Amino acid sequence: MSKHKEKIAKVFEHPLSGNIDVKKLLKALEHFGAEIEMTKDNHVKIKVNEKVFFMTLPHQGHTLSKDTLVELRHFLELPEVGFTPQKL
């Protein structure tokens with residue numbers, strides 16, 4: 001499994017990991033074709049196949065909250081997005 005696929009697979013682990021580096025995760029999503037755009041006010045816009053997801057970046061540290069990871073997982077599972085470990 002490639003390192004990019006491993007980073008995305010961490011979003012789907014049970015129990016959910018609280019140690020996912022946001023920069024590495026965004027690079028992995030970008031590697032598989034997601035468009036990543038940093039917005040002002042510490043937000044990031046993730047666009048895949050015309051579907052868009054906004055998330056707030058952590059103010060301290062480099063790891064995402066578990067709530068944010070669950071929301072991102074639901075976005076990645078959408079049929080229009082299809083960024084699950086089985087489909088990558």
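Each value in this text was obtained by applying a stated rule to the coordinates, not by laboratory testing. This is a predicted model, so every value here is computed, not measured. Here the Cβ is made from the backbone with ideal geometry for all residues, glycine too, and neighbour counts use every protein chain on show.
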(request) Search segment 35-51 for residues being exposed (fewer than 12 other Cβ atoms within 10 Å of the Cβ) and out of contact with any strand residue (DSSP E or B) (no Cβ under 7 Å at 6 or more places or on another chain), and hand back the single one that is nearest to GLY18 (Cα to Cα). (result) ASP41
(message) Can you report the number of residues in segment 52-71 which are touching a helix residue (DSSP H, G or I) at 6+ places or on another chain (Cβ under 8 Å) and surrounded by 15 or more Cβ atoms within 10 Å (Cβ to Cβ)?
(response) 5
(request) Within segment 18-29, work out how many residues are among the small types (Gly, Ala, Ser), more than 9 Å from the chain's Cα centre (by Cα) and surrounded by 15 or more Cβ atoms within 10 Å (Cβ to Cβ). (result) 0
